[in-house]
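Read the structure below first, then the notes.
Where a number appears in this text, it was derived from the coordinates with a stated rule and is not lab data. If you're wondering where the values come from, they're calculated on a predicted model, not measured in any experiment. No Cβ is skipped: glycine too gets one built from the backbone with ideal geometry, and neighbour counts run over all protein chains shown.
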Amino acid sequence: MLSKVINHKGFWKSVVTLGLTFVFLFIFIKWLFDGFSPTFFEDRNPYLFIGGSLLAGFLYGFFVSYGKFKKKLKQ
């Protein structure tokens with residue numbers, strides 16, 4: 001079932017779209033809670049913060065897309 005889902009047309013586009021949307025919203029909300037501080041990105045390790053956010057976004061996009069496409073294939 002996994003190979004059917006990940007090879008379905010549009011799956012990876014959905015993963016990337018949902019993942020990047022998650023990352024942008026997560027960073028914006030985190031920046032909002034910091035009071036839109038100009039030193040927001042300087043206060044943390046930028047490689048770790050961006051890398052961790054991208055990994056989290058990919059995982060979020062993958063699991064949500066997998067559920068969506070699995071449901072679509074069952075119908």
* Restricting attention to the stretch 1-39, and to residues there that are hydrophobic (A, V, I, L, M, F, W, C) and in contact with a Gly (Cβ under 7 Å, 6 or more places away or on another chain), which single residue is nearest to Leu73 (Cα to Cα)? -> Val15
* To do: Restricting attention to helices (runs of 4 or more DSSP H) lying wholly within the chain, give those where 2 or more residues are surrounded by 15 or more Cβ atoms within 10 Å (Cβ to Cβ).
  => 11-33, 46-74
